[in-house]
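The values are calculated or read from the model by the stated rules, or taken from the named source; none is laboratory data. In this text the structure is predicted, and so the values were computed from the model without any measurement. When we count neighbours, we look across all protein chains shown, and the Cβ atoms used for this are built from the backbone with ideal geometry, even at glycine.
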Amino acid sequence: MLEVRVERGRPGGLDPTRASTHSPRRLLHLLLLLVAFCGALSTPARAAGGAGMPVVHASAAHRGSPLSGRAMWIWELPKSDGGSLSSIIAAAHRFGLSTLIVKSADGTDLWSQFNQPLVSALHANGIRVCAWQYVYGNHPVTEAYNGAAAVHDGADCLIIDAESEYEGKYVSAQVYIQRLRALIGYGYPLVLAGFPYIDYHPAFPYSVFLGPGGAQYNAPQMYWRDIGTTTDAVFGHTYAYNLIYQRPIYPLGQVYGRPPAHQVVRFRQLARVYGAGGLSWWDWQEASASNWYALSRPAGALHGYVPYEQMADIGPNAQGDLVVWAQEHLVSAGYPVQISGDFGYHTLLDVQAFQTAHGLSADGIIGPATWNALLRYRIARVRWSVSHPRDTATVTSAAIVRNPGAAGATLLVERVPESAKLPARRNEIAGAGGRGRP
């Protein structure tokens, strides 16, 4: 088998910090940016194949879910089996890994460790490879082009690692998603790997990242040891809130911090009970020998275990992106509530009216039954703005009431929700690392 060793700083090595400005990949990236600044930046996002925007890659959209099976994340390639690609491939086969998830960019910096030769070598050995980029939201257009560069290199999916830096940044999230989709197409598989406890992060724009045109898959970082809870509790809490966004959930577990082997096995068993089509682990360079064994040995079944799969309640005085999500669906259902992220008096009245119209108990609480009815409506399309209130020329309350559901095809211009100013309750996965340079 071909031996490829990666050493930091050596010519030809895969330096995991920054691509050479003379590399073909970097030149492609610069060319794409030049196209953008020559006029594409002012062009509205178009569907794949539309005029004015290059779609760099779309074939992975036809391969099914790239996260099905067992996957491992790679942060720094030189610290993962010493950067020996042949060793990594052998270990992937030995431990039953079907996908490797390799860091490709950090903010505006491309990481040259993710490239076409790496992708080709893994594909030749029957291993899928996804790219992941850590995003900050300060330069969303550049981050979108960095994501497109990894897709161009042949990634089977692109994973967006957005965390505390993106809290409150609804406009940046929308700019990033729209530009990225214009570059890679609307069928290409995107995955959000964010905070697992949505209720801890009222300002995080989940409704953008997991909304229309956003990520088709959700891989919450369910690091139970970092959070300070049990494997069972992290599943119950995560699913209760993440199910509301209606994206398939692919749990991301931890093998950093040396969790006991029995907890790793339990996480695998729970993922099966919850119906996850696959799961992944953070991360290669920190996994101990016992963790490698625990994530690959037969795990057995949890007979009679009943998973907690009820969507969480929200009600009066609630604030955050879950309220934004509910309000966007209320608008589409014909109730022209302001999309503020604040469950106030007018939202309460609209929820009660919706419940009455659908034969539900009009208690004003959006619980599992009300969520199920509400989420049947196509979500309203919103363009977030930092300065403009709702553009009443685009949609009127009367028009929505006369034609319930019409807002799903109508663009609303809304000021960034008030809930975007709220602080996080806690960064529950603060110990995981992954951002910046080591």
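Some observations on this one:
- Elements of the type helices (runs of 4 or more DSSP H) sitting completely within region 343-427 and holding at least 1 residues that are under 22 Å from the mean Cα position of the chain (by Cα), modelled with pLDDT of 80 or more and within 22 Å of Asp199 (Cβ to Cβ): these cover 368-374.
- None of Thr99, Thr108 is out of contact with any Gly (no Cβ under 8 Å at 6 or more places or on another chain), of a type in the set (S, T, N, Q) and at pLDDT 95 or above except Thr108.
- For region 161-174, residues that are farther than 21 Å from Arg383 by Cα and within 11 Å of the chain's Cα centre (by Cα) total 2.
- Within region 158-184, residues that are assigned by TED's automatic domain parsing to the domain that holds Gly147 and at pLDDT 95 or above have Cβ atoms under 6 Å from residues that are in a loop (DSSP other than H, G, I, E, B) and among the polar types (S, T, N, Q) in these pairs: Ser164/Asn427, counting only partners at least 6 apart in sequence or on another chain.
- Residue match in region 107-125 (condition: assigned by TED's automatic domain parsing to the domain that holds Tyr206, among the aromatic types (Phe, Trp, Tyr) and under 23 Å from Trp281 (Cβ atoms)): yes
- Leading residue by the ranking (surrounded by the fewest Cβ atoms within 10 Å (Cβ to Cβ)) among those in region 310-327 that are free of Cβ contacts under 8 Å to residues at least 40 places away in the same chain and more than 22 Å from Arg378 (Cβ to Cβ): Asn317
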